[in-house]
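Trainee: One structure is given below, represented as structure tokens, and several questions about it will come after.
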DNA sequence: AAAAAGAATGAACAATCATTCATAATTATA
DNA sequence: TATAATTATGAATGATTGTTCATTCTTTTT
């Protein structure tokens, strides 16, 4: 087994365990068990428990950013781009539910216990929305009065919260795609310049 | 000093400490120190650490619900009601920042470690939005195609995420009131029936 | 095949804290 | 004022668990 395989096995196990129990309640021994590895082995690949979490942020968000950027960049119309972002974000959450839970839960309180760590990857991700909105405003498609800083957060928050509750009770009235297109529609009507 | 005073002193201290450190990193001794009380005294008023957190949820959210309900109920127009909710929510976060942090951070991961606890108070709060949207749809002010379940979450999520980042860096371009009215405007344009 | 290097193991360690409880201080009652 | 009842204290306890490291297993090199 290649070294990198074990690194990844631990990461994948940690995503699962963190998602189930949360960072603090998760035990190193839980992760080790899930990864089918001895407790001590984890410390051959990571410095400590935090380091595992940070690695999840860095590596896994990195992959998502690339994916979503590629897809939105294929479009030129900011309206379409916004819709694609919404749908991709939601699909990602559906397909990588454990990862999504870790990101959503721990991201929010990460600044509590990792004072020094700034999650630049995450900022980069949200800024995809920011740039789409900016582009739309430059072209006169979106209203100028809308503050881009507010709109991007609002858009992301709307998607994220909807996704969060969808995770908690997936036996829902609507599919994740329906939710995504509803939200992007609301935002498009909400921010586009009147004809 | 009346008994209830000490109960409240501990709650207020806990809000402060939980906001600063997060639930897990907060020590009972930190709370005791902040409340100017012995460690053991806390256990005369609360069963355990979780119990303090749950009490914060129950008691403090309860107060907020009453406030916001009273204010929105003074209005009859769903459009106005939505705006009032947005502004009140944001103002609350500005004025009770510590409380807001605790609610936002811990609420999200509370289901990870408190399996049995369902935060009915919180659901009640978000349902204020839900009912406003429903009302608007009944009157034909808001589009029927908008799914109320999605819209309420999207609205709440937008407010909450914007507030969250505002808390993290309050040296912002915009005031919390500006953000609130922007978001309610986006949503109103987004969901209202075309003339 | 023997020796060296590299990986993996998991029991043991040490530090951390939530919680308890014997004792003390305060307040109420007789 | 004496006694009982209530409230508060904080040192000690005990359970938990992240991390270490002596040892074993595996692979590579000579």
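Read the figures in this text as sums done on the coordinates, not as results from a lab. Keep in mind it's a predicted model, so treat the numbers as computed, not measured. Here the Cβ positions follow ideal geometry from the backbone for every residue, glycine too, while neighbour counts run over all protein chains shown.
Trainee: Condition test on residue B:144, is it part of a loop (DSSP other than H, G, I, E, B) and on the phi < 0 side of the Ramachandran plot? Let's see the steps before the verdict.
Mentor: Values: part of a loop (DSSP other than H, G, I, E, B): yes; on the phi < 0 side of the Ramachandran plot: yes.
Yes; evaluated as a whole, the condition is true for this residue.
Trainee: Still on this structure, please answer the following. Out of all the residues in region B:21-43, which are within 18 Å of residue B:96 (Cα to Cα), away from DNA strand D (no atom under 13 Å from the Cβ) and either more than 14 Å from chain A (Cβ to nearest Cβ) or assigned to a helix (DSSP H, G or I) (or both)?
Mentor: B:21
Trainee: Follow-up. What about residue A:18, is it within 13 Å of chain B (Cβ to nearest Cβ) and within 16 Å of DNA strand C (Cβ to nearest atom)?
Mentor: Values: within 13 Å of chain B (Cβ to nearest Cβ): yes; within 16 Å of DNA strand C (Cβ to nearest atom): no.
No; evaluated as a whole, the condition is false for this residue.
Trainee: Does at least one position in region B:13-20 carry a residue that is surrounded by fewer than 20 Cβ atoms within 10 Å (Cβ to Cβ) and away from DNA strand D (no atom under 16 Å from the Cβ)?
Mentor: Yes: region B:13-20 contains one or more residues that are surrounded by fewer than 20 Cβ atoms within 10 Å (Cβ to Cβ) and away from DNA strand D (no atom under 16 Å from the Cβ).
Trainee: Within region B:127-181, work out how many residues are crowded, with 19+ Cβ neighbours inside 10 Å, more than 7 Å from chain A (Cβ to nearest Cβ), free of Cβ contacts under 8 Å to residues at least 60 places away in the same chain and under 16 Å from the mean Cα position of the chain (by Cα).
Mentor: 2
Trainee: Is it the case that region A:47-57 has a residue that's under 15 Å from residue A:125 (Cβ atoms) and part of a helix (DSSP H, G or I)? Full working, then the answer.
Mentor: Filtering region A:47-57 for residues under 15 Å from residue A:125 (Cβ atoms) gives A:56-57.
Of the ones still in play, those that are also part of a helix (DSSP H, G or I) are A:56-57.
Yes, the conditions are met somewhere in region A:47-57.
Trainee: When region B:21-37 is examined, which residues are found to be without any contact (Cβ under 8 Å) to a residue 40 or more places away in the chain and either within 8 Å of DNA strand C (Cβ to nearest atom) or crowded, with 18+ Cβ neighbours inside 10 Å (or both)?
Mentor: Result: B:24, B:25, B:26, B:27, B:28, B:29, B:30, B:31, B:32, B:34, B:35.
Trainee: Going by the conditions given, is residue B:75 away from every other protein chain (no Cβ under 13 Å) and not in a helix (DSSP H, G or I)?
Mentor: Details: away from every other protein chain (no Cβ under 13 Å): yes; not in a helix (DSSP H, G or I): yes.
So residue B:75 fits the description; yes.
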